[in-house]
Every structure is written in structure tokens, then in C-alpha cells.
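What follows is a single structure, written as C-alpha cells, with notes after it.
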Amino acid sequence: MIFIVEDDAAIRELEQYTLQSSGFQVAGFDSSEGFWAALQNQTPELVILDVMLPGEDGFAILKKLRASSAFRRLPVLMVTAKDSELDTVKGLDYGADDYLAKPFGILEFTSRVKAALRRAAPENPSGILCFETIQLDHARHRVTVEGHEVELTYKEYHLLKLLLEYKGLVVSRDQIMHSVWGTDIAVESRTIDMHIRTLRQKLGTAAGYIQTVRKAGYRLALPVEEHV
């Protein structure tokens, strides 16, 4: 879940739509009051915080978050029209993880959000990645589904590993191309599609967890009907 605190309805709705289209769950607030109330019931993975808000501004909200033991490490991306160097430094000094000035491009916005989430993700020293019945043990280069070992090719293995690392998030075709095939190799879309298809076949009962997100890429997530 991502919380957006932005009083401009048009910008807030654009940010929400963009992130929801990328597979994120999002809640938006036009002031600090609704944000603080929601925070009592749920801790988000990331807060996207505007500076110029009615009443309590973004800097004040950020200072409170960083003074709280419960929310001290909560990732915060500040998005604001205040783009002077002084404002940027102030936001970062108060504990913002990143700072994006308006107007901004949608692609950059999405990339900044994903980068903030990656930095905040807990380390996995064991090298074991799991999702539902799928387990990938990188140290042993071993994949199992419901405890049964699955034989994958080199590319299938690294494709699954990439999806597991970004579970719940959309992985674009460009990300797949760069991570699995290498940055200097041109890969046709149908080649990626073919590897996704064979990977699904080999995963058997877990095949449905690999979802195609139209015009965006792929993600590892529960089928829509299984979401609560």
C-alpha cells in the first residue's frame, strides 16, 4: 500500500491512476488529518508527500514521522512545486528518501517510486525467495513448487528470480530484457513471451501467479479473484 498526501486533486488522481496501473494499491489524502487517521490503521510501504498542504505542511508531517519510533524508517518521497536547492536540502535533511519537483514525467515518477521501494526492501541474506507455493533457493540454484523440484533453463530461472524479487510489482519488458538477456542484446517481444509461456508450463499449479499486465509487462501476484 502507498499513501499519497496531495491537496491538488488533479495531481493526486494522476499519481493514484499511474501507480494503480502499475499494480500498486494506493490511498490518497488531501490533508494531514486523513493521513494521520489512516496511519493508525495501516502502515504503508511508501508515503508520497507534497510540501504545500493546507494546515500542517509536508515538512511538519515528515518531522513527526521521523520523530516516531513506529514510522522512523517509513520511506518518504517528497513531490512538490518547491524546487529550489534550499527546499530540496531541507526535505532531505528532515529525512526524505527522495525529492521530486513538479512538473515531473510519469515515467520518472514511477521509477522513483519503485527505486524507493527497492531501497526499503529488507535484505535476504539466505538467498531464498518465496511466493505462495513457489520457492527459489539461489544458493543451491533450486526451484520448487509445493515442495517438488522444477527444472528450469538458465533464462527461465533468472526470469522467475526477477519476478520474485519484484513480487506484486509490474516488471516491464525492458527490465526483463536488461536483467535476463543483458543490456547490449536486442530481444524481440515474442522471445520474452515464449519464455514466460514455458515458465508457466513448468510451474504447473503455480502458473497462474504470473500475470500479464497489458502494455506494461508481467508481475507475480495472486489471481484477481483471490485478492481479499
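For the reader, a short list of remarks on this structure follows.
- Residues that are buried (at least 20 other Cβ atoms within 10 Å of the Cβ) and either modelled with pLDDT under 90 or among the polar types (S, T, N, Q) (or both), drawn from segment 156-166: Tyr166
- Positions within segment 9-25 being surrounded by fewer than 16 Cβ atoms within 10 Å (Cβ to Cβ) and hydroxyl-bearing (Ser, Thr, Tyr), in sequence order: Tyr17, Ser21
- Candidates Leu169, Leu100 - the one that is in the same structural domain as Lys63 (by TED's automatic domain parsing), at pLDDT below 90 and either closer than 21 Å to Phe24 by Cα or surrounded by fewer than 16 Cβ atoms within 10 Å (Cβ to Cβ) (or both): Leu100
- Pairs are defined by a Cβ separation below 9 Å, a sequence spacing of at least 6 or placement on different chains, a first member in segment 188-210 that is over 22 Å from Gly168 (Cβ atoms), and a second member that is of a type in the set (S, T, N, Q); the pairs so defined are Thr198/Thr153.
- Residues of segment 183-191 include at least one that is at pLDDT 85 or above, assigned to a helix (DSSP H, G or I) and not assigned by TED's automatic domain parsing to the domain that holds Leu46.
The values are calculated or read from the model by the stated rules, or taken from the named source; none is laboratory data. Treat the numbers as computed from the prediction; the structure is a model and nothing was measured. Don't worry about glycine lacking a Cβ; one is built from the backbone with ideal geometry, like all the others, and counts go over all protein chains shown.
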